[in-house]
Amino acid sequence: MNPGPLPLPAACAAALADIETDPLDPGPAAEAHLKVCTACSEARVVFLAQEDSPDALAPVGYFDHLPGRILRKLPARPTLRRHLGPLGWAAAAVVLMAVGTGAFLAGRANRTPYVEATLPRQPDILEVSTSDTPFHNREEEAAQIQALSPEEMKALLKRLDAAPAPTR
């Protein structure tokens with residue numbers, strides 16, 4: 001379906017042939033055509049972009065000596081040791097020891113006293129029966145009361161009336 005590339009006008013074909021031979025100086029006829037035809041001027045820009053340019057060559061050892069050259073250009077600064085001096089280092093050591101000693105003594109002075117936990121005194125005789133099982137059936141106690149004889153029931157009621165009421 002595609003008939004192929006469109007035929008170029010003769011002026012464009014001649015200008016493109018001149019551009020292919022030398023894109024930098026195509027000649028006066030091609031220069032005149034490039035001022036009129038935008039497609040050919042764009043083709044010239046494409047040819048110029050594809051033109052091989054030689055790599056920039058660096059002299060031998062350029063990158064080996066580069067760090068030294070940069071460091072020589074930087075201003076020299078005095079080192080901390082020469083600037084501070086032995087008296088400064090001694091003063092810094094004294095301040096460091098004073099802060100450390102003060103922090104140590106402050107930590108010792110603010111210690112919390114040791115407190116022992118004690119339980120309140122329990123009565124000697126407990127009348128409450130404790131069971132070994134934490135979850136026991138209350139129906140068993142009711143069944144024991146129902147199984148008592150009338151004389152035993154009267155004795156139990158007298159004991160309950162004589163016992164002081166528990167306070168909570």
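Remarks
- Some residue of the range 124-131 being surrounded by fewer than 10 Cβ atoms within 10 Å (Cβ to Cβ) and modelled with pLDDT of 70 or more: no
- Residues (open to solvent by less than 60 Å² (accessible area, probe 1.4 Å) and assigned to a loop (DSSP other than H, G, I, E, B)) located in the range 23-56: P23, P26, G27, C37
- The condition of being surrounded by fewer than 12 Cβ atoms within 10 Å (Cβ to Cβ) and either of a type in the set (D, E) or modelled with pLDDT of 90 or more (or both) holds for only one of P3, P59, P67, that being P67.
The values are calculated or read from the model by the stated rules, or taken from the named source; none is laboratory data. Quick caveat, the model's predicted, so the values are computed rather than measured. So basically every Cβ, Gly included, is an ideal-geometry build from the backbone, and we count neighbours across all protein chains shown. These area figures cover heavy atoms from the full protein model, side chains too; ligands, DNA and RNA do not enter into them. Shrake-Rupley method; radii C 1.70, N 1.55, O 1.52, S 1.80 Å.
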